[in-house]
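A short worksheet on the structure shown next.
The values are calculated or read from the model by the stated rules, or taken from the named source; none is laboratory data. Nothing here was measured: the structure is a model prediction, and the numbers come from that model. Note that we place each Cβ from the backbone using ideal geometry, even for glycine, and neighbour counts take in every protein chain shown.
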Amino acid sequence: MATKVLLLLACLAASSIAQVHATATEAAALSTESTKSALQQLSAKSKLQTQVMVLGSLHLSNIKQQLDSRSLSSILEPLSRYQPTAIAVESLRPQDIATMINGSGEYQTVLDHFVGQRFLALAIKEQQELRLSAQKALESLEPLLDETSLEPVQRARLIKLAVAAYHKEIALLHWHYLDKTAASPTISTELQHYLEQLAASNNEKNTLGNNLAMALKLKRIYPIDDHLDKDLYRPIEARLIESYNQSPHAAALAKSDYINKPQRLKTEALETGNWLPLFSWLNSQEYQRAVIDQEWSLFIDKDLTQDAALSRVALWEIRNLNMSSHIMRVVAANPGGRVLVIVGASHKVFLEQYLANMLGVKLIQPQQYFAAPKTSKGQSPQHLFSDKEQR
């Protein structure tokens with residue numbers, strides 16, 4: 001009898017503990033929801049909101065056919081109607097390049113792939129010629145960017161300072177602006193050749209970012225990419241790669257419509273000149289849901305080595321959280337403005353999840369501008385990116 005009583009008391013105690021734990025968990029969840037709701041309410045009260053549009057893109061640098069503002073007008077024109085006051089692209093910040101140069105050896109692969117040894121060598125030459133460190137060059141760059149207008153010689157100096165500061169995106173934008181006949185003698189032949197090659201690149205940073213910035217007469221493009229997680233990457237990849245290569249789920253993903261449909265739409269865009277179907281798909285809720293349900297679910301609940309897979313997810317979130325932080329720096333520099341962020345399409349759903357929680361930020365979807373605008377006379381608006389024959 002005593003034993004039964006003890007067992008009953010033990011069961012009651014366990015039940016009470018479980019109930020207390022459940023109650024505490026529910027209370028914590030309610031507290032979190034309450035805090036989130038309070039943040040949303042506070043954000044809604046903001047007298048000045050900064051709009052942020054995250055445009056998911058394929059990486060266009062893989063396309064061999066030459067792209068330009070005319071061939072991409074079907075996507076550039078709707079984006080121009082958004083009238084962004086700041087454009088951010090998936091490129092490394094000068095400060096992070098300097099950190100990587102002086103940091104872990106693991107970063108050297110990142111620098112080789114995402115910055116390029118040729119650009120780094122040109123940056124060192126400009127630092128030596130200008131007798132400035134990368135940091136001093138970056139500080140000297142800002143006053144020139146604040147100028148209302150620049151003489152060709154001033155713009156040439158701005159370009160040299162941008163290269164010395166590891167700011168490739170600003171150097172390229174102002175190379176597009178530069179009156180080459182008046183100022184190019186002050187820029188080395190080697191640097192001129194490099195910038196000409198960049199200016200002819202199909203990379204969306206150039207074909208979308210620079211063409212749009214020039215049409216809107218913007219002075220800068222903001223780099224917001226991040227790879228500071230890569231000092232942790234190699235050992236995690238080594239633990240993950242075997243199960244990934246043997247995974248039926250990974251093999252199925254590689255053959256799925258999630259992977260293949262964007263490629264089909266890209267081929268159609270190259271044939272027709274209409275890029276809207278591709279970009280509409282990449283920025284649709286359906287595609288963004290597939291990023292989670294098909295790509296990243298592979299690392300959560302499928303057949304990969306679990307600890308390594310979760311570590312890989314953590315690194316991906318580190319990268320996107322850091323990118324969100326860099327985007328908020330752009331927001332801080334452009335309060336009340338309209339920010340356009342051009343990134344690989346799989347980043348979009350993560351960035352928007354984080355940015356949705358930021359005070360004073362209003363997310364804008366590209367689809368709002370992809371529909372053809374109506375004018376009072378039923379005519380198409382003026383095209384910024386088409387020549388006269390195409391109008």
In the range 248-262, residues that are surrounded by 12 or more Cβ atoms within 10 Å (Cβ to Cβ) and either in contact (Cβ under 8 Å) with a residue 40 or more places away in the chain or closer than 23 Å to residue 319 by Cβ (or both) total 6
Residues in the range 252-275 that are among the aromatic types (Phe, Trp, Tyr) and either under 20 Å from residue 289 (Cα atoms) or out of contact with any helix residue (DSSP H, G or I) (no Cβ under 9 Å at 6 or more places or on another chain) (or both): how many? 1
In this structure, is residue 74 within 30 Å of residue 271 (Cβ to Cβ), modelled with pLDDT of 90 or more and either surrounded by fewer than 13 Cβ atoms within 10 Å (Cβ to Cβ) or touching a strand residue (DSSP E or B) at 6+ places or on another chain (Cβ under 7 Å) (or both)? no
Within the range 75-116, restricting to residues that are aliphatic (A, V, I, L, M), in contact (Cβ under 8 Å) with a residue 40 or more places away in the chain and part of a helix (DSSP H, G or I), the one that is nearest to residue 336 (Cα to Cα) is 79
For residue 284, state whether it is touching a residue at least 60 places away in the same chain (Cβ under 8 Å) and over 27 Å from residue 92 (Cα atoms). no
Got at least one residue in the range 21-35 being within 27 Å of residue 166 (Cβ to Cβ) and either at pLDDT 80 or above or of a type in the set (D, E, K, R) (or both)? no
Within the range 304-316, is even one residue surrounded by 14 or more Cβ atoms within 10 Å (Cβ to Cβ), touching a strand residue (DSSP E or B) at 6+ places or on another chain (Cβ under 8 Å) and modelled with pLDDT of 95 or more? no
Scanning for something hydroxyl-bearing (Ser, Thr, Tyr) and more than 30 Å from residue 215 (Cβ to Cβ), does the range 83-94 turn up at least one residue? no
Filtered residue count, the range 122-169, keeping only those that are part of a loop (DSSP other than H, G, I, E, B), over 27 Å from the mean Cα position of the chain (by Cα), closer than 23 Å to residue 87 by Cβ and not acidic (Asp, Glu): 3
Please specify each residue of the range 170-203 satisfying the condition of being touching a His at 6+ places or on another chain (Cβ under 8 Å) and assigned to a helix (DSSP H, G or I). 199
Check off (1) modelled with pLDDT of 95 or more; (2) within 30 Å of residue 281 (Cβ to Cβ) for residue 65 and give me the number that stays unchecked. (1)
By residue number, the members of the range 333-351 that are more than 22 Å from residue 60 (Cβ to Cβ) and not in a helix (DSSP H, G or I) are 334, 335, 336, 337, 338
Yes/no for residue 278 being within 28 Å of residue 371 (Cα to Cα) and surrounded by 13 or more Cβ atoms within 10 Å (Cβ to Cβ): yes
Taking residue 342 as the residue in question, decide whether it is aliphatic (A, V, I, L, M), touching a helix residue (DSSP H, G or I) at 6+ places or on another chain (Cβ under 6 Å) and at pLDDT 95 or above. yes
Please identify the pairs in which a residue from the range 208-221 that is touching a residue at least 24 places away in the same chain (Cβ under 8 Å) has its Cβ atom under 6 Å from the Cβ atom of a residue that is among the hydroxyl-bearing types (Ser, Thr, Tyr) and assigned to a helix (DSSP H, G or I), counting only partners at least 6 apart or on another chain. 215/80
Working only within the range 192-225, note down all residues that are among the polar types (S, T, N, Q) and out of contact with any Ser or Thr (no Cβ under 7 Å at 6 or more places or on another chain). 197, 206, 207, 210
State whether one or more residues within the range 238-247 are among the small types (Gly, Ala, Ser), closer than 17 Å to residue 296 by Cα and without any contact (Cβ under 8 Å) to a residue 12 or more places away in the chain. no
Please determine whether any residue of the range 43-57 is hydroxyl-bearing (Ser, Thr, Tyr), modelled with pLDDT of 95 or more and farther than 19 Å from residue 201 by Cβ. yes
